[in-house]
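First the structure, in the form of structure tokens, and then the observations on it.
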Amino acid sequence: MRYRVGESGWARVPRLADLRERLSALPSPALPQLRRPSWAQARTLTERNILYLYVEIFWSGIFMAVVAFNATYALRLGATNTMIGWLSSIPSLFAMVVLLPAARFLEGKSNRAPWLYWSLFVGRAAFLGAALAPWLFPRHAAEAVIGVLIVRTVPMHFYSAGFSPMLADVIPPRDRALVIANRNIIMGATVAVCTFLFGRWMDAASGLQWASFPMNYQLVYIVGAVAGLLSTYFASRVQLPEVPVVRRERPARRALPRLAELRAAVAAQIRANRDFVRIVANTVVFDFGAWFVGPLYMIFFVKQLGASDGWVGMNTTVAQIGVIVGYSLWRRWMDRLGVSRTLLMAVPLVASYPFLVSFFPNLTLILVWGALINLISPGVSLSHVNALYSLCPAERRASYMAVYSTVANVGAFVAPMLGVALSNIIDIRWILLIGGGIRLAGAGMFHLFKIKLPEAATA
């Protein structure tokens, strides 16, 4: 018989046979509990997933730094104002068609990972087409680049339909604001550094350019595509949980419903999801002003104010520095103020950017305005996404997010085309004022039609 010395003296060391005998004596209902993973093991998996999400967003930041030059690249190749409008609006049209069917399709899959990651791979790999277009279609390079950048958004919309629900499934609610803030800080820092370096390298006036246009842009776009594929690899390392499958029975054949029945059904859905409807309506109006003027900023900066590639990179860099500082501050402020108060405080301030650009059309001042607005915009982003998640039922989150995105993309499709059409008639500075007014009206709607959040989301 074996003994060892412990804190309380000599103690018998149990033999393997003794352990087997004790285990066999346990009642059978207790045995399954021995196979359950402990809380510590589950937490380790969560932390590993979060780490992969942080690494993924770093490589994605390099990719997004290149995306920041899309409109400039197309303009340098000879794209018209209307074509730049297409770059903003047509992807929104595709989103309207793809998002909801994609969400319903994914809700029918318990294992959604392969569908998400392959769609992300295709969307990122297609970015190489923008780099090769001037070689493959030298006479129609602008049209080819615009076409590639638009078409690649189709698989990206499929991915987007499952990405937001994936974050909600992978990240526990207690960590959600922190992880989202950290991801945006990593993204902002990476985009800030890379856009500055890319802009300086492509700017002939900087003295760093050793490849002429369009090869300088092509090399940068190849770097962006490689970074995007690395981002896809690390995203695929995130282990997604098996999720319940939403079963949809095929309805029996019946006569078409009457208009009164449709109205009653829609009214019932609105009553059951009143706060979700409110946040969708408020957000669409608020963002419509931004979509209305979105493609006009770069046209205004490059064509009217004479911005260089270096300035374009610096503008994004300064804006991202504002984002980094903003997420660091608003993450703490939201803990004190709560989601609702943070949202109501930040939305009117963000609406001021088009007014500032229109009243003070100076490239140096515009850098300052971009930094200030992006210091505030994380307050809107953090509070809005937390409010939206809390208003979506967990089992139908993919469909709810797809409905929200589809409705929003109706505005994102129409607004840029209207703004670009008006730019052919009146000065862009007046259009910026109109867009700012719409955005300010949307901010007012958040105060007039307040959203009641579940108690767990208000803290």
* Structure fact -> Row for the range 86-125, column shape: gyration tensor on C-alpha, a ≥ b ≥ c, rounded if a/c < 1.5 i.e. under 1.5, prolate if a/b over b/c, else oblate; value oblate
* Calculated FRET efficiency, ALA441 and ARG336, Cβ-Cβ r, R0 30 Å, to nearest 0.05? -> 0.55
* Rounded to the nearest 0.05, what FRET efficiency is calculated for ASP427 and THR44 with R0 set to 56 Å and r the Cβ-Cβ distance? -> 0.45
* Structure fact -> Taking HIS140, HIS157 and counting other beta carbon atoms within 10 angstrom, the fewest-first order is HIS140, HIS157
* Structure fact -> Proxy exposure order for CYS392, CYS194 (fewest C-beta within 10 Å first) is CYS392, CYS194
* Amide H partners (placed H, <5 Å) of ALA307, local residues excluded -> VAL302
* Asked: With a ≥ b ≥ c the root eigenvalues of the C-alpha gyration tensor of the range 392-444, is it rounded (a/c under 1.5), prolate (a/b larger than b/c) or oblate?
  -> oblate
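If R₀ is 22 angstrom, what is the calculated FRET efficiency for the pair LEU178 and VAL325, using the beta carbon separation as r and rounding to 0.05?
Here the calculated transfer efficiency is 0.85.
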* the range 286-343: C-alpha gyration tensor shape, a/c 1.5 cut-off, then a/b vs b/c -> oblate
* Which order, highest average first, do 227-238, 64-75 follow once you tally other Cβ atoms within 10 Å for each residue and take the mean per peptide? -> 64-75, 227-238
* Which order do ILE426, ILE62 fall in if you start with the one that has the fewest other Cβ atoms within 10 Å? -> ILE426, ILE62
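Each value in this text was obtained by applying a stated rule to the coordinates, not by laboratory testing. Because the structure is a prediction, the values reported are computed rather than measured. Note: ideal-geometry Cβ built from the backbone for every residue, glycine included; neighbour counts use all protein chains shown.
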